[in-house]
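The values are calculated or read from the model by the stated rules, or taken from the named source; none is laboratory data. Bear in mind the structure is a predicted one, so any value in this text is a computation, not a measurement. Backbone-built Cβ (ideal geometry, glycine too); neighbour counts: all protein chains shown. Heads up: the accessible areas ignore ligands, DNA and RNA and are worked out on the full protein's heavy atoms, side chains in. Shrake-Rupley method; radii C 1.70, N 1.55, O 1.52, S 1.80 Å.
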Amino acid sequence: MIKVKVGLRPIVSKINLPTVLKTTILPGDSIERLFIATQVGEIFYIGNGVIRTFLDIRPRILKLGVSGGGYDERGLLGLAFHPEFYYNGLFYLHYSLAGTQGPGALSESINPNPCDPRTLNLRWINRETQYDHIDTIEEWILQSNGQPQKRRTLLNLRRPFSNHNGVNSLNFSPETGKLVLTTGDGGSGYDPFNLSQDDLEIAGKIIEIDVGKNISINNPPIVTRFNELPITIQETLMVMAKGVRNIPGISFQRFSNQYIKYAGNVGQDLVESIFSFVHYNPIPVTQLIQASFMNSEPDKERFINFGWRGWEGAFPSSIIRGCTENSTLDEKTIAYYNEAVALSESRLQPLTSYFHKDTRPDKFEGTALTGVQAYMGKRIPGLTGSVVFTDLARKESQPQVRGALAYTMVRPNSEQNDFSVIQTDYDFGSQSAYYVSLGTNLNQTKLYLAVYGSMKVNDFNQGKVFEIVP
């Protein structure tokens, strides 16, 4: 793969942690605008070189950064504009609701121990009281007076832990016209309740929502499983994929008359993975529920399974410990051997992976995947037709933290491919630069990068947004 070098052109500075970068054309406008959603609940757009407020829902957002040293994975996580937004003004939000803080599903973080079956077969019990928070997915409308207003709630999801809620979690499919929701496995580590592989659990899935169906329920119940939803809501949902740990959205790339779908899965301890697929067979939620009721298996031909928690990318999920004989080495124990065997043939292989430890001179040691976007522009010819991805922070970049930008290509034979690091020329000086999100415009000819100077959500106004340029 060729080496690519790009520039970073600053667009806006001194904003809060930017989680979503999207573009759309406002009703009555003629120019595509860049919209920036921040984790704390603000949505801005750039108009005539000036940053303007589109919506501020900070009072609706759960209080962030109270525990965990200021680090938080909740907040405003998803923003998507309806494909007909210019005409109907509809857009969609995913965020963590204020006033819903709970004690968590477990009193402490549990890591699997292959020698102790009790740590491998945990169950999430007392869900109505033992949870961390509630996420909501809502439909809003931009009124004729230019003021956004909430129309209805699509889903209310009870989440077991504070992390793995997804980010850039709402995107419309140009293939089906449906809203695609990407949910993480619910958090903690190693998916302790194995929610991602349970067909009835909403956690750990990629879900298609038919927002065009007329739903009479404006305030749906708070749920964790598909079968807890009213039938009228079940009928709007299809499961596109499962086996997801945590996912920074989904990107669609058109080739001829079909779309390649890209989705990244954030790793546990070993590896970060980018997956791609073209053909898939989404399963109606009503069919999954019926199969469970009949104690039978639904038709799962071409049903996408990323393999988590048995697999972390292309590797069986492992527990890493320091070697007792040599502190410079690690020993790795397979966490869920039987699950890895059971999923070995049915899971999707990643398109490419990058590692948390990698001494190769032309690679980097990653921390967490934060963005995956297809690029179809021609201004950066080395990237045309590729999929670009970002990592939060290169491990080798201390003491000044720097994120990583890289790309890969789909092979005609659908085999796994290598990746190449994209060099950037921007000087961040002595400030840290965590790469927190990646965005594109409507026809995927531009790329936008969001950078933050801290990983604490309450360290305010340290965000910058750039356009990636030749």
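Cα gyration tensor of the chain, axes a ≥ b ≥ c as square roots of the eigenvalues: rounded (a/c below 1.5), prolate (a/b > b/c) or oblate? The shape class here is rounded.
Could you tell me whether the stretch 130-248 comes out rounded, prolate or oblate from its Cα gyration tensor? Rule is a ≥ b ≥ c as square roots of the eigenvalues, rounded for a/c under 1.5, then prolate if a/b exceeds b/c, otherwise oblate.
prolate
For the listed residue pairs K5/K300; K150/K205; K213/K456; K150/K395; K3/K300; K63/K332, the alpha carbons are over 32 angstrom apart in K5/K300; K213/K456; K150/K395; K3/K300; K63/K332. Per-residue surface analysis assigns R254 an accessible area of about 130 Å², computed on protein heavy atoms at 1.4 Å probe radius.
Simple point charges give the picture: +1 on the Cβ of Lys and Arg, -1 on the Cβ of Asp and Glu, and for the stretch 133-221 a dipole about the Cα centre of about 420 debye. Between the alpha-carbon centres of the stretch 323-397 and the stretch 250-295 there is a gap of 18 Å. The mean accessible area for residues of the stretch 261-373, using a 1.4 Å probe and ignoring ligands and nucleic acids, is 47 Å² per residue. Working from label points 7 Å from Cα in the Cα-to-Cβ sense, the D358 to M294 distance is 4.5 nm. Using R0 = 56 Å, the C-beta based FRET efficiency linking V469 and E228 works out to 0.70.
May I ask you to give the average projected area over all directions of the convex hull of the Cα atoms of the stretch 16-133, in nm² rounded to one decimal?
Projected over every direction and averaged, the Cα hull of the stretch 16-133 covers 10.5 nm².
Count Lys and Arg as plus one, Asp and Glu as minus one, and take only other residues whose Cβ is under 13 Å from that of A393; the net charge is then -1. Here the dipole of the chain is about 1080 debye; that uses its Cα centre as origin and unit charges on the Cβ of Lys and Arg (positive) and Asp and Glu (negative). Taking a ≥ b ≥ c as the square roots of the Cα gyration tensor eigenvalues, the stretch 137-180 comes out oblate, since a/c reaches at least 1.5 and a/b does not exceed b/c.
Of the trypsin sites (Lys or Arg not before Pro) found in the stretch 1-103, those in coil by DSSP whose Cβ has at most 15 other Cβ atoms within 10 Å are K3, K63.
Share of carbon and sulfur in the accessible area of the chain stands at 48%, probe radius 1.4 Å. Between the stretch 214-239 and the stretch 40-56, the alpha-carbon centres lie 32 Å apart. Restriction of the GluC sites (Glu not before Pro) in the stretch 386-470 to DSSP coil positions whose beta-carbon has at most 16 other beta-carbons within 10 angstrom yields E415.
Projecting the Cα atoms of I36, W308, P221 onto the charge dipole of the chain (Cβ charges, centred on the Cα centre) puts I36 farthest toward the positive pole. Take every Cα pair under 8 Å whose residues are at least 6 apart in sequence, average their separation, divide by the length of the stretch 269-325, and the relative contact order is 40 percent. For the chain, the mean residue ellipticity at 222 nm estimated from helices alone is -1000 deg cm²/dmol, where every DSSP H run of n ≥ 4 contributes -39500 (n - 2.57) and the total is divided by all residues, rounded to the nearest 500. Sites listed here are GluC sites (Glu not before Pro) in the stretch 90-153 whose DSSP assignment is loop and whose Cβ has at most 11 other Cβ atoms within 10 Å: E108, E128. Using the Cβ-Cβ distance between D459 and V278 with R0 set to 25 Å, the FRET efficiency works out to roughly 0.05.
Can you tell me the equivalent ellipsoid semi-axes for the stretch 336-442? Use √(5λ) from the Cα gyration tensor, largest first, whole Å. Could the numbers behind the result be given before it?
On the way: eigenvalues 139, 84, 30 Å².
Semi-axis lengths for the stretch 336-442 are 26, 20, 12 Å.
Only protein heavy atoms count here; on that basis, with a 1.4 Å probe, W140 has an accessible area of about 10 Å².
What FRET efficiency comes out for N145 versus E325 if R0 is 56 angstrom and r is the Cβ-Cβ distance? Round to the nearest 0.05. It comes out at approximately 0.20.
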